[in-house]
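Only one structure is covered here, and it is reproduced in the block below.
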Amino acid sequence: MPALPTRHQQIVAVHSAFIRQVVELAQSAPASDTLRDLLRSAEQQGWTALVAAIRRILADQPDPSAIRDLDEEDQVIAEAILRGLQDPRTLPDPSTRPEPTLAAPGLAGMIRAAATGNVEALQLLSEMAEQMTRAGGPLARLAAVVRRLINGERDPRQLCRGMDAATSQLVLDILDELGKLGAH
């Protein structure tokens with residue numbers, strides 16, 4: 001099987017627990033209520049198109065156009081679930097963590113979407129910021145600047161104040177990506 005592009009690997013790594021859970025629950029008849037609850041929760045989080053595609057896959061009706069019509073992230077997740085159902089050896093390792101240096105493009109895209117009124121992106125960023133705040137340390141400092149980035153703050157000196165080198169670099173990478181997206 002060919003290796004996934006790096007960006008797709010990152011998406012799979014970020015969502016590895018969800019991907020594994022869907023596949024494992026789908027293959028366990030007694031877990032059908034848990035699977036239904038998991039999909040309902042994902043739907044409530046705004047993943048309506050992805051959940052619809054997963055339901056078609058699980059109903060043994062994997063319509064290729066339904067997967068192709070998803071946005072890139074949802075498409076990668078749906079394809080990973082489909083591969084996992086066909087061959088469980090392809091399921092992502094839940095201990096694999098996304099490469100932090102590759103997080104900037106995804107975060108920048110969500111920040112731009114939230115800044116332009118995308119409610120789902122704003123909600124997702126809010127949830128991520130809450131998790132980062134609970135984690136403490138450098139992640140809490142990053143969480144503290146997310147709202148400022150959404151509101152248009154672009155001064156790296158202000159945004160990176162008090163951060164360690166790695167977190168500062170991530171903020172600078174996010175600012176660079178926002179610049180590429182024309183969000184300045």
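Bear in mind that the values in this text are calculations on the coordinates, not laboratory data. Note that this is a predicted model, so its numbers are computed, not measured. Cβ atoms come from the backbone with ideal geometry, glycine included; neighbour counts cover every protein chain shown.
Does segment 158-166 contain any residue that is within 18 Å of the chain's Cα centre (by Cα) and without any contact (Cβ under 8 Å) to a residue 60 or more places away in the chain? No, because not a single residue in segment 158-166 is within 18 Å of the chain's Cα centre (by Cα) and without any contact (Cβ under 8 Å) to a residue 60 or more places away in the chain. Reported count of residues in segment 129-147, each being part of a helix (DSSP H, G or I) and surrounded by fewer than 14 Cβ atoms within 10 Å (Cβ to Cβ), is 5.
Inspection of segment 110-118 finds no residue satisfying the criterion of being among the hydroxyl-bearing types (Ser, Thr, Tyr) and part of a helix (DSSP H, G or I). Here ARG89 meets the list (1) in contact (Cβ under 8 Å) with a residue 24 or more places away in the chain; (2) part of a helix (DSSP H, G or I); (3) more than 30 Å from ARG157 (Cβ to Cβ) almost entirely, failing just condition (1).
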